[in-house]
Amino acid sequence: MPAAESAIQLGGLLAGPLKAETTLFGIAEKSQDERPLREALEKQAQTLRSQNVALDISVQAGDPIRQILDRTSKTSYDLVIIGARWTGATGHHWRSEKTYEVIKAIQPPVLVAIGECKHLKRFLVCTGGKEFIERAIEFTGKLAVAVGASVTLLHVMAEPPAIYADLVRLEEDVDRLLESKSELGTNLRQQKRELERLGVSSEVRLRHGIVIDQVFEEAREGDYDLIVTGTSQARGLLRHYIMGDLTRSILNRANCPVLVARAGPPRAGRTLLKALKGLVSAREKVTPRVG
């Protein structure tokens, strides 16, 4: 199917430069489809092998989500690439529900192959400016180094804060923000520094307005080949990921591949320490003194 071909083509663009061990994993929903599926994958594999990709083919029958979850649980993969299909009436922007289920259920980052992707030279990372996307930044940086891509860190502000109200140009906004001691400025500065440490050409862009609209405004103007968005880990014992409205909207509207990276949990130590300090000072205030 075209969605599967897009995923294999995208996999080839990354697997060659990364020198990654690659598995073509075919899932036939009916067992009689296993043989034609394997033949189709063998045909696709020839193209990848000609690009010096070390390749393995595996075909299973059954429920796709269960099979992918089982496979990624037993073997540790750095990245899972899936094709994306449309559902619903023509013109309705909804991905297949199975796409969302795979993204939420499995542990590795998921790259969703959308549209025709001929090269990967410009990455757009949607950052909320939090410190716990460091893992996602590092992963994106490693991919960018392998394919020689530049990375733009995009942060969308709901509206210009009062201290920036007098600034007309957003470029000046960026410089002032990155020099500031604010939490957002500090985190964006560290993210940019991490990319540069890996040897990636990077820049920070600030936009103001409705987040999803501004993401696509930037995507259109910047002619990006890949959009990176995130998921956060569910709290508690459940090992699944939570996909926010922004990530879902990006998947629905994007015309280029979307990498759904994995953010680590927020730094518990920092918040717990603050809570303990608050508790101690509160107790000090109420503890009666005995003379």
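How many percent of DSSP beta bridges within the stretch 1-120 run antiparallel, rounded to 5? The partial results should precede the final answer.
Working: 1 of 12 bridges.
Restricted to the stretch 1-120, the bridges split so that about 10 percent are antiparallel.
So how far, in whole Å, is the C-alpha centre of the stretch 194-239 from the one of the stretch 22-37?
Answer, in whole Å: 34.
Can you give me the accessible area per residue for the stretch 1-159, using a 1.4 Å probe, in Å²? Spell out each step's value before the answer.
Values: 8440 Å² over 159 residues.
Accessible area per residue: 53 Å².
Rule-of-thumb check for the stretch 1-139: C-alpha Rg over 2.2 N^0.38 Å? If you can, show how the numbers build up before the last one.
On the way: Rg = 15.7 Å, N = 139, 2.2 N^0.38 = 14.3 Å.
Normalised by 2.2 N^0.38 Å, the Cα Rg of the stretch 1-139 equals 1.10.
What is the stretch 1-83 by shape, rounded, prolate or oblate, if you read a ≥ b ≥ c off the alpha carbon gyration tensor as root eigenvalues and call it rounded for a/c under 1.5, prolate for a/b larger than b/c, and oblate otherwise? Can you show the working numbers first?
Numbers: a/c = 1.93, a/b = 1.30, b/c = 1.49.
Oblate, since a/c reaches 1.5 and b/c is not below a/b.
Could you do me a favour and compute the accessible area per residue for the stretch 206-265, 1.4 Å probe, result in Å²?
Numbers: 2760 Å² over 60 residues.
Each residue of the stretch 206-265 exposes 46 Å² on average to a 1.4 Å probe.
The values are calculated or read from the model by the stated rules, or taken from the named source; none is laboratory data. Because the structure is a prediction, the values reported are computed rather than measured. All accessible areas refer to the heavy atoms of the entire protein, side chains included, with ligands and DNA or RNA removed. Shrake-Rupley method; radii C 1.70, N 1.55, O 1.52, S 1.80 Å.
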